[in-house]
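One structure is given here, and the rest of the page talks about it.
The numbers here are math on the coordinates, done by the rules we state, and not lab data. Just so we're clear, the structure is a prediction, and the values are computed from it rather than from any experiment. Reconstructed Cβ throughout: ideal geometry from the backbone, glycine too, with neighbour counts over all protein chains shown.
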Amino acid sequence: MSLLQTLRFVTGHPLNRRQRAAAVLRYAKWQLGSRLVPGKVIHDWIGGAKIVVRPGDTGLTGNIYCGLHEFPEMAYVLHVLDSNDLFADIGANAGSYTVLACAVKGARGICFEPVPATFARLMENIRVNDLTARVEARNIGLSDQAGALNFTSLEDCTNHVMAAGEQTAGAISVPTLPLDQVLGGRIPTVIKMDVEGFETPVLRGARATLANPALHSVIMELNGSGTRYGFDEAEILRTMLEHGFSTYAYEPFARRLEPLGGKNAASGNTLFIRDRDLVAGRIGKCSPIAFGRVTF
């Protein structure tokens, strides 16, 4: 992303529209500071949480500039969860969603990150927020069966299961298990899934979890990446529909759920909800959350 594109994203972000000067200042301070004093920085984030950020951590620096990089989905997690919930973060990367769910909202968590170097960064964010007793972190991949898969390891936020015939430097073999087996009967109320196109096998290994009505929400990235494996996102939508889920977009300021006829074409993330009335009641009761001079 070019400098101009980045600044447009930062100043146009919903949490920055009423505080653009402060947003540009945060961006400039990070860019300057990360060059003068390279290395990791513990950033005071939102709701008392912290994140450990290094230069080039694209999955985290957006949260410095904008408060919540993926605003609708991250705000949804903050609005819908409470301390009685179990949150599952599949494809956790450095742990932004886990920190929001477990450090800010006090939920219990189980998170999965297959790439060892990224998993180490995830563990830093778990430890800096004192979450080791509340979050189970697994350095494995998820699929429809126990085994192992080859992953890329040098592509930051877009590391993925390697497709047949794919060649890349830094390929690693990672053990895999089905989600149902790992959970052992525990049922998350909310799942966030970001597996770069490998959703179909992950869902096949989560049939019991998907069938349990205690799971009311799934945030899933659907960006067309499954074509590298020959998967069809229409099958994913059918699977979720068969389990009673419908698709929605979320407007955090109004706390409004907007029904969709399929995946969210305006975003890489689609929100699947099974019990709209339950969810609407939860998000309506959540206390306001502040970022600078803006509340949502």
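In the structure shown, do any of LYS105/LYS192; LYS192/LYS263; LYS50/LYS263; LYS50/LYS105 have a Cα-Cα gap over 21 Å, and if so which?
LYS50/LYS263
Quick one: net charge of ARG207's neighbours, Cβ under 10 Å, K/R +1, D/E -1? Write down the numbers at each step before the final one.
Working: positive: ARG204; negative: ASP144, ASP180.
Result for the local shell: -1.
Running a GNM on the chain with Cα contacts under 10 Å, which residue among GLY141, GLY230, GLY268 ends up with the highest mean-square fluctuation?
GLY230
For LYS29, list the aspartates and glutamates whose Cα falls under 17 Å from its own Cα; do not include residues on the same chain fewer than 8 positions away.
Partners within reach: ASP44, ASP57.
Listed highest first by mean packing, meaning other Cβ atoms within 10 Å per residue, what order do 89-98, 55-64 come in?
Those peptides, ordered most packed to least, come out 89-98, 55-64.
Please compute the net charge surrounding ILE289, taking Lys and Arg as +1 and Asp and Glu as -1 over other residues with Cβ under 12 Å from its Cβ.
Taking every other residue near ILE289 into account, the sum is +2.
Using a Gaussian network model of the chain whose springs link C-alpha atoms within less than 10 Å, name the residue from LEU100, LEU149, LEU68 with the highest mean-square fluctuation.
LEU149
Modelling each spin label as a point 7 Å along the Cα-to-Cβ direction, I'd like the GLN5/ILE42 distance in nm, to one decimal.
Calculated label separation equals 3.5 nm.
Highest first, please rank the peptides 101-108, 219-226 by the mean number of other Cβ atoms sitting within 10 Å of their residues.
101-108, 219-226
With runs of 4+ DSSP H residues as the only contributors, calculate the mean residue ellipticity of the chain at 222 nm using -39,500 (n - 2.57) per run, divided by the residue total and rounded to the nearest 500.
Working: 11 runs with 99 residues, N = 296.
For the chain, the value works out to -9500 deg cm²/dmol.
With springs only between Cα atoms under 10 Å apart, run a GNM on the chain and tell me which of THR270, THR227, THR209 wobbles the most.
Greatest mean-square fluctuation among the candidates belongs to THR227.
By counting other Cβ atoms within 10 Å of each Cβ, how are HIS160, HIS243 ranked from fewest to most?
Ordered by Cβ neighbours within 10 Å, fewest first: HIS243, HIS160.
If we sort 274-282, 71-79 on the protection proxy, mean other Cβ atoms within 10 Å, highest first, what's the order? Working shown, then result.
Working: 274-282: 15.3, 71-79: 22.9.
The packing order, highest mean first, is 71-79, 274-282.
Under 1.5 on a/c is rounded, so check that first for the range 112-200, then, if it is not, pick prolate when a/b is larger than b/c and oblate when it is not; a ≥ b ≥ c are the square roots of the alpha carbon gyration tensor eigenvalues.
Note, shape of the range 112-200 comes out oblate.
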